[in-house]
Amino acid sequence: QVHPVESGGGLVQPGGSLRLSCAASRTIFSIDTMGWYRQAPGKQRELVARITIGGYMDYADSVKGRFTISRDNVKRTVDLQMNSLKPEDTAGYYCNVVPFRAGYWGQGTQVTVSS
């Protein structure tokens, strides 16, 4: 398995929460920084959160205070807890290394925030 496997997306009402999870191979996870990206229809893909192997976290301004990234270096997973979701958070969500590598994109998981 080369590509990460993302899960946890779905349909949620504004103000709701979702938790995304990404399982990555040893090859991918050995790279220092992992990140969650998202892409909405008609928009460029953007990095929303990243975390180093040592646990340093950083967020896009649009999600600060609402999203929390975490990683388990033993299980090789990276999670994204998303709270207070807004309609503008609707997008396909993907995990990859930071900076991303084209060959490491997975299928992603769709998040739709709508009432």
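General remarks:
- For the chain, share of DSSP beta bridges that run antiparallel, in % to the nearest 5: 90
- Whichever lysines have a C-alpha closer than 23 Å to that of residue 86, once near sequence neighbours (fewer than 8 apart) are set aside: 43, 64
- The chain - percent relative contact order, Cα under 8 Å, separation 6 or more: 37
- Portion, in percent, of the accessible area of the chain that falls on carbon or sulfur, probe 1.4 Å: 50
- Rounded to the nearest 20, the size of the Cβ-charge dipole of the chain about its Cα centre is 140 debye, with Lys and Arg at +1 and Asp and Glu at -1.
- Rough spin-label spacing in nm, given labels placed 7 Å along Cα→Cβ, for residue 53 and residue 110: 3.6
- For the chain, a Gaussian network of Cα nodes joined below 10 Å ranks 24, 60, 49 by mean-square fluctuation, and the top entry is 60.
- Helical content alone sets the calculated 222 nm signal of the chain at -500 deg cm²/dmol, taking -39,500 (n - 2.57) per DSSP H segment of four or more residues and averaging over every residue.
The values are calculated or read from the model by the stated rules, or taken from the named source; none is laboratory data. Keep in mind that this is a model prediction, so the values were computed, not measured. No Cβ is skipped: glycine too gets one built from the backbone with ideal geometry, and neighbour counts run over all protein chains shown. SASA here: full protein model, heavy atoms, side chains in, ligands and nucleic acids out. Shrake-Rupley method; radii C 1.70, N 1.55, O 1.52, S 1.80 Å.
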